[in-house]
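> Got a structure for you, written out below as structure tokens; questions coming shortly.
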Amino acid sequence: MYNETNYIDSVNNAFTFIVVISAALLIAITIIMLYFVYKYNAKRNKKAVNIEGNMTLEITWTVIPLILVAGMFWYGYLGYDALATPPENAYKIKVIGQMWKWNFEYDNGVTTDTLYVPQGKPIRLDITSMDVNHSFYMPHFRFKADALPNKNNMLWFQSDETGVYDIACAEYCGLNHWNMYTKVHIVPQTVFDEWLGNKKALKDGGTTTTPVVDSNAVKKVPITTGFGYLLSRGTFDIGVIYPVLGIFLTACGSAAINHLQESDIDIRMNRTKNRPLPSGNLSKLQVILIAAGFVITGSMLLLVALGAVEMLLSLLALVWYNIIYTPMKRKNPFAVVPGSIIGSIPPVVGWVAGGGDLASPESVFLAFFFFIWQIPHFWLLLLFLNKDYESSGLPTIMSRFSEPQLARITFVWTFATALSALLFPLFNLVSGWVSLLLIVLSAATLIVYSIQLLKHDTGRQSFKKAFMGINYFVLYLVLVVSIDKLMPKG
């Protein structure tokens, strides 16, 4: 079966053949030219001599280039002929160029600005334009075709491997020609069918399956920010609204940017494939506008209502999440460790907004506690959703450790989280003996409950229970410490 690999090879072979021949001719002609310059210069030939024609040479330099050009043509024709003859069972998609975007129309009426195709199936692209001349270019597949008004051009391809590749316009078409690009997502047939079904449902009047901001981390941001504010201020007042709302909006923008960054990964995972971008319910431009609205509104609210420190801290969290952590986790399975810094910033924003000192021991401890907690939180999530994470193609820590090893490592981090909770009284963040007793009991309960991670026969349900346990522990701790802080003293 003709596919991605052998077509790319045919183009590469033709290109290599032309480059090698061109380089050989360049070297040969340059050597002959230098020889003639040396032999026939004016010092050696004071009187010019008329040279008559040489039939043998003329035939030689006519026949040899003809053979070389015929060889180049043959290499190119082999690839072109295969590309110009699509299989009868090829899946048809209409490609429409317009200033300055690509639209893709599927046979069920669905239209999208990102191309999704099934793995291992021949795809026929019928290419046209609704305004000026464009050129549909897929560099990975080594082909392009003109997109012309009132005319259809055809290309076809088949990829036996999943992946995400660039699509661009290769012909100047106006002011924003530089920005006329998109992606082709090659996904398994089952994923493609579900994606196309979701798009069809939306077109027929359905709704987005999941919102553009559905991250569980975002939902925890208001709680940890308000917690930091309470510990610093000693009470809740109207002022808590500004840091909570400001950091929440910024975090929503950061989550939307993350969906944009990871749409190629989300479509491979069961827990994320129904997000707006992989499901096709929102375009990339719509997500960019939503993210920009969240980030600008949240950061301006923090700046105007509180100050530059709170705004810069919120933007630090965004930069750390979207620019440092998100690209890092595509390459390093241990990215979650530095990535956990993100979750330690919201409580510090709350602490500073409540009047606390950014560099105070209490502020550093709050950041430390929420940093420690997030590492076992994520690794437990990985343990019971391992199959889903494997399908994403991301490097996971399961590639470095066996499941029992990772369970034991996670237990150590969980133990450290429980012990760090006992430091709240040391930093004068808890004063009542009842609260102190409840913290000690909850820490001991978490440790005992997590001992199941050390068992050899630990299963997915045990990992899930441990995951829920550590999250409930932190939520319970926040509740106990908050009540202690709100209780009248003396």
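> Within segment 34-143, list the trypsin sites (Lys or Arg not before Pro) lying in a DSSP loop whose Cβ has at most 15 other Cβ atoms in a 10 Å radius. Show your work: numbers first, answer last.
Details: sites: 39, 43, 44, 46, 47, 92, 94, 101, 124, 142; in loops: 43, 44, 46, 47, 142.
The qualifying sites are 43, 44, 46, 47.
> Which net charge results for the neighbourhood of residue 125, defined as the other residues with beta-carbon distances under 9 angstrom from its beta-carbon, given Lys and Arg at +1 and Asp and Glu at -1? If you can, show how the numbers build up before the last one.
Working: positive: 92, 94, 124; negative: 126.
Overall, the nearby charge balance is +2.
> Taking 0.36 nm per residue of separation and subtracting the Cα-Cα distance, what length does fully extending residue 176 through residue 140 add? Don't skip to the end; give the middle numbers.
On the way: separation 36, 0.36 × 36 = 12.96 nm, distance 2.27 nm.
The residue 176-residue 140 span can extend by a further 10.7 nm.
> Follow-up. Within a 10 angstrom radius of the beta carbon, how do 55, 300, 33 rank from fewest other beta carbons to most?
Working: 55 7, 300 14, 33 10.
In order of increasing Cβ crowding within 10 Å: 55, 33, 300.
> List every DSSP H helix in the chain whose Cα atoms extend 18 Å or more along the helix's own long axis and whose mean Kyte-Doolittle hydropathy is at least -1.0. Each step should come with its number before you reach the end.
Details: long enough: 4-39 (52 Å, 1.34); 55-83 (42 Å, 1.16); 189-203 (21 Å, -0.75); 216-233 (26 Å, 0.19); 241-261 (30 Å, 1.16); 284-305 (31 Å, 2.07); 341-353 (19 Å, 1.71); 361-384 (36 Å, 1.57); 403-421 (27 Å, 0.64); 433-450 (26 Å, 2.16); 460-486 (39 Å, 0.81).
Membrane-span-like by this rule: 4-39, 55-83, 189-203, 216-233, 241-261, 284-305, 341-353, 361-384, 403-421, 433-450, 460-486.
> Follow-up. Could you calculate the FRET efficiency of residue 402 with residue 103 from 1/(1 + (r/R0)^6), where r is the beta carbon distance between them and R0 is 45 Å, rounded to 0.05? Can you show the working numbers first?
Values: r = 48 Å, r/R0 = 1.06.
Once rounded, the FRET efficiency stands at 0.40.
> What is the ratio of the Cα radius of gyration of the chain to 2.2 N^0.38 Å, with N the residue count, to two decimals?
Values: Rg = 31.8 Å, N = 490, 2.2 N^0.38 = 23.2 Å.
For the chain, the normalised Cα radius of gyration comes out at 1.37.
> Just grab the label-to-label distance for residue 483 and residue 131, each label 7 Å out from Cα along the Cβ direction, in nm (one decimal).
6.3
> Could you give the size of the charge dipole of the chain about its Cα centre, using +1 on the Cβ of each K and R and -1 on the Cβ of each D and E, expressed in debye and rounded to the nearest 20?
Numbers: 37 positive and 32 negative charges, 154 e Å.
That gives the chain a dipole magnitude of about 740 debye.
> Rank by packing, highest mean first: peptides 338-350, 111-123, with packing defined as the count of other Cβ atoms within 10 Å averaged across residues. Mind dumping the intermediate values first?
Values: 338-350: 23.9, 111-123: 18.3.
Those peptides, ordered most packed to least, come out 338-350, 111-123.
> Next question. Estimate the FRET efficiency between residue 39 and residue 154 by the formula 1/(1 + (r/R0)^6), using the beta-carbon distance for r and 45 Å for R0, to the nearest 0.05.
On the way: r = 55 Å, r/R0 = 1.23.
Result of the calculation: an efficiency of 0.20.
> Using r as the Cβ-Cβ distance of residue 288 and residue 241, and R0 as 35 Å, what FRET efficiency do you calculate, to the nearest 0.05? Don't jump to the answer; show the numbers that get you there.
Details: r = 28 Å, r/R0 = 0.79.
Computed FRET efficiency for residue 288 and residue 241: 0.80.
> If you take every DSSP beta bridge whose two residues both sit in the chain, what share of them, in percent to the nearest 5, is antiparallel? Could you put the intermediate results ahead of the total?
Numbers: 25 of 37 bridges.
Taking every DSSP beta bridge within the chain, about 70 percent pair in antiparallel fashion.
> Rounded to the nearest 500 deg cm²/dmol, what is the calculated helix-only ellipticity per residue at 222 nm for the chain, with -39500 (n - 2.57) per DSSP H run of length n ≥ 4?
Calculated from helices alone, the mean residue ellipticity at 222 nm is -18500 deg cm²/dmol.
> Same structure again: Going by the alpha-carbon gyration tensor, a ≥ b ≥ c the square roots of its eigenvalues, is segment 302-436 rounded (a/c under 1.5) or, if a/c is not under 1.5, prolate (a/b greater than b/c) versus oblate? The partial results should precede the final answer.
Working: a/c = 3.31, a/b = 1.38, b/c = 2.40.
Here segment 302-436 falls in the oblate category.
> Here's something else I'd like to know. Measuring from centroid to centroid over Cα atoms, what is the spacing of segment 76-107 and segment 124-203 in Å?
8
Read-outs throughout are calculated quantities, based only on the coordinates presented, and are distinct from any laboratory measurement. Since the structure is predicted, the reported quantities are computational estimates derived from the model, not experimental observations. Please note: Cβ atoms are built from the backbone with ideal geometry, for glycine as well, and neighbour counts cover all protein chains shown.
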